[in-house]
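The values are calculated or read from the model by the stated rules, or taken from the named source; none is laboratory data. It should be emphasised that the depicted structure is a prediction, and the values quoted were computed from it without experimental measurement. Cβ coordinates were reconstructed from backbone atoms using ideal geometry, including for glycine residues, and neighbour counts include every protein chain displayed. Surface accessibility is based on the protein's heavy atoms, side chains included, excluding ligands, DNA and RNA. Shrake-Rupley method; radii C 1.70, N 1.55, O 1.52, S 1.80 Å.
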Amino acid sequence: MRSLSMPDVVTGTVALTFRQEAGVTLVAGQQSTGLLRASRPVYRGTGRRPEIQLIHLGPGSMNGDGYAQRITLHEQAEAVVGFQSYTKVLPGMAGSSQQTDITLGASSRLTMKPNVVLPYPDAVYTAHTDVQLGLGAIASISEILVGGQTPDVESLAFEKLSSTLQVFRGDKLILRDAIQAGRRSLGRGRIWADGFPVLGSVYLIGDFPEQLEQNLREHGAALQSAEVRVGVSYLADAGFVLRILGTRIQLVERVIERAYGVIDPYKG
């Protein structure tokens with residue numbers, strides 16, 4: 001798997017490893033340095049899979065910061081990873097970055113709750129996620145970006161925000177999705193629509209039946225309103241990508257939760 005080169009100074013790292021034992025997923029390894037931490041695991045429902053919160057101890061992602069996250073699930077392991085707070089991207093022309101490497105063993109299942117990114121005026125931020133997908137593995141990954149109210153570049157206070165996700169099966173790249181916005185970006189503000197300052201991206205990765213697309217579209221349509229817009233794309237051999245435009249973060253989170261429920265009715 002190829003990874004983005006990290007800055008010379010890494011401000012914080014976190015590494016989580018999960019393994020299954022007798023039908024229950026255990027935390028086999030948990031390490032952190034710098035400003036990143038991970039909570040103790042919580043087992044909900046039937047208690048078969050742990051949920052861990054990633055914690056940032058600083059005021060936000062500051063100019064010059066570089067963060068690295070590594071999540072590994074061994075065969076048949078299941079885990080939920082969330083974020084204790086929003087990712088606040090603070091001003092600075094050098095910018096900050098985050099690299100996330102995810103390795104999913106055969107028949108494993110990872111649910112990552114939405115990471116909400118709030119860029120401050122004059123902020124520069126780069127996020128890169130690489131996923132190595134094992135046979136029969138499934139991952140639900142989402143991100144929420146909060147931008148300007150209009151697509152006009154003059155309305156965007158931040159300089160540049162880039163977010164890229166790549167999924168590999170062995171050495172084969174099966175999915176690459178990239179978003180870039182801000183005054184200095186190629187796309188500038190055009191990923192936002194007038195009156196919709198919140199953009200959600202949902203990646204449902206794995207071997208899903210193509211018929212699942214109809215279920216996702218029906219759930220998206222049921223939540224669609226003057227405040228929410230939902231689009232669904234099916235990618236053979238990779239899964240689904242959803243784009244959500246909303247007027248508020250909470251509305252976009254609701255659509256993401258519903259999408260996760262379509263492929264994962266079991267919440268225990």
*Name the single residue, out of those in segment 79-95 being touching a residue at least 40 places away in the same chain (Cβ under 8 Å) and crowded, with 21+ Cβ neighbours inside 10 Å, that is farthest from HIS128 (Cα to Cα).*
ALA79
*Per-region count, segment 139-163, residues assigned to a strand (DSSP E or B) and either open to solvent by less than 20 Å² (accessible area, probe 1.4 Å) or modelled with pLDDT under 95 (or both)*: 11
*Just one of the numbered conditions (1) open to solvent by 30 Å² or more (accessible area, probe 1.4 Å); (2) touching a residue at least 40 places away in the same chain (Cβ under 8 Å); (3) more than 23 Å from TYR260 (Cα to Cα); (4) in a strand (DSSP E or B) is not true of TYR67; which one?*
(1)
*Members of segment 240-265 found to be open to solvent by less than 60 Å² (accessible area, probe 1.4 Å), outside any helix (DSSP H, G or I) and over 12 Å from VAL198 (Cα atoms), listed by number*: PHE240, VAL241, LEU242, ASP264
*For segment 221-239, how many residues meet the condition of being part of a loop (DSSP other than H, G, I, E, B) and within 30 Å of ALA137 (Cβ to Cβ)?*
3
*How do the pairs read when you match residues in segment 197-211 that are of a type in the set (Lys, Arg) with residues anywhere that are assigned to a strand (DSSP E or B) and at pLDDT 90 or above, using Cβ under 8 Å and keeping only pairs 6 or more apart or on different chains?*
none
